[in-house]
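The values are calculated or read from the model by the stated rules, or taken from the named source; none is laboratory data. Note that this is a predicted model, so its numbers are computed, not measured. Cβ atoms come from the backbone with ideal geometry, glycine included; neighbour counts cover every protein chain shown. Quick note on the areas: whole protein, heavy atoms, side chains included, nothing else; ligands and nucleic acids left out. Shrake-Rupley method; radii C 1.70, N 1.55, O 1.52, S 1.80 Å.
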Amino acid sequence: MSKNAKAVKIEDLDEMKIVLENIDDDEYIDQIRKVFDFHGHISTGAFIGLQMYRIAKRELNIEDGEAIYITCECKNCMPDPFQILGGSTIGNNKLKINDIGKMAATFNRFGVVGDNIKGLRIILDANKMQDYPKIYNWYMNIEKVPHTEAIFDLIKAGDSVYSWEYVDVEVPPKNKKDVKLCEICNESFISKDGSPICETCAKNKK
């Protein structure tokens, strides 16, 4: 960036103004600003993650600041609201990415190892989009839809384009780290299967 260049704030973008002028909920507006500032640009996927997060908080009666654990079934855009609003990140093990290409996520509270906790799995449901062609065409990759147009459809649709169900979430055991020195490169690594050779060296041997 040049010395004379100024960082552009998300809230100053015309696209952001189009999004915000369709919402009269101050908390919602604040969440949208935080999400798009964190994400770096206006994004349909991030907006979907935001709406899912709001549904999960309401349905599970999760309070602000309460720990929330999330498994997200795609990695593009959608996980960012979970990080900035819920404090659920990959680093603190409260966010897991199971990238199977579905716009879906499961939310649950904290639990001890071995417990079955009530969770909520939410999906963006293509079968419920008959009245919202812009978001349907975006979702099904039928045409290139500007983010603001898709988001405007999402704002109008609210919860109606989502489906959710309660699920049992088993709290997995926390395994002790098996740290070894690789017999080939001599770098320390966490061995997942007891192997004395790191994955990089194992691949290079093939």
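Which of the residues belonging to segment 14-31 are assigned to a helix (DSSP H, G or I), in contact (Cβ under 8 Å) with a residue 12 or more places away in the chain and open to solvent by 10 Å² or more (accessible area, probe 1.4 Å)? If you could, list the steps in order and put the result at the bottom.
Quick first cut of segment 14-31, residues assigned to a helix (DSSP H, G or I) only: 14-20, 26-31.
Applying the additional criterion that residues be in contact (Cβ under 8 Å) with a residue 12 or more places away in the chain yields 15-16, 18-20, 28, 31.
Hits for segment 14-31 are Glu15, Ile18, Leu20, Tyr28, Gln31.
Residues in segment 32-68 that are in contact with an Asp or Glu (Cβ under 9 Å, 6 or more places away or on another chain), at pLDDT below 95, assigned to a helix (DSSP H, G or I) and open to solvent by 20 Å² or more (accessible area, probe 1.4 Å): Arg33, Asp37, Phe38, His39.
Can you tell me which residue is surrounded by the most Cβ atoms within 10 Å (Cβ to Cβ) among those in segment 71-80 that are closer than 14 Å to Gly119 by Cβ and not β-branched (Val, Ile, Thr)?
Step one: filter segment 71-80 for residues closer than 14 Å to Gly119 by Cβ, giving 71-73.
Still in the running and not β-branched (Val, Ile, Thr): 72-73.
Values: Cys72: 23, Glu73: 19.
The residue in question is Cys72.
When Thr71, Thr89 are screened for being in contact with a helix residue (DSSP H, G or I) (Cβ under 8 Å, 6 or more places away or on another chain) and either β-branched (Val, Ile, Thr) or not in a helix (DSSP H, G or I) (or both), only Thr89 passes.
Looking at segment 121-149, which of its residues are hydroxyl-bearing (Ser, Thr, Tyr) and in contact (Cβ under 8 Å) with a residue 24 or more places away in the chain? If you could, list the steps in order and put the result at the bottom.
Taking segment 121-149 and keeping what is hydroxyl-bearing (Ser, Thr, Tyr), we get 132, 136, 139, 148.
Answer for segment 121-149, where residues must be hydroxyl-bearing (Ser, Thr, Tyr) and in contact (Cβ under 8 Å) with a residue 24 or more places away in the chain: Tyr132, Tyr139, Thr148.
The number of residues in segment 159-184 being assigned to a helix (DSSP H, G or I) and under 18 Å from the mean Cα position of the chain (by Cα) comes to 2. Among residues of segment 167-186 that are within 24 Å of Thr71 (Cβ to Cβ), those with a Cβ under 7 angstrom from a residue that is open to solvent by 70 Å² or more (accessible area, probe 1.4 Å) and assigned to a loop (DSSP other than H, G, I, E, B), sequence gap 6+ or separate chain, pair up as Val171/Val112; Val171/Val113; Pro173/Val113; Lys174/Val113.
Select from segment 81-96 the residues that are buried (at least 20 other Cβ atoms within 10 Å of the Cβ) and touching a strand residue (DSSP E or B) at 6+ places or on another chain (Cβ under 9 Å) and list them in ascending order. Passing the criteria: Phe82, Gln83, Gly86, Ser88, Leu95. In segment 97-109, which residues are among the polar types (S, T, N, Q), open to solvent by less than 70 Å² (accessible area, probe 1.4 Å) and within 12 Å of the chain's Cα centre (by Cα)? Within segment 97-109, Thr106 is the sole residue that qualifies.
When segment 97-137 is filtered for residues that are closer than 15 Å to Tyr53 by Cα and not hydrophobic (A, V, I, L, M, F, W, C), the ones remaining, listed by number, are Thr106, Asn108, Arg109, Gly119, Arg121.
The selection criterion, being within 17 Å of the chain's Cα centre (by Cα) and under 22 Å from Cys77 (Cβ atoms), does not hold for Ala150. Exactly one residue out of Val169, Val112 is under 30 Å from Asp30 (Cβ atoms) and either open to solvent by 90 Å² or more (accessible area, probe 1.4 Å) or out of contact with any Phe, Trp or Tyr (no Cβ under 7 Å at 6 or more places or on another chain) (or both), and it is Val169.
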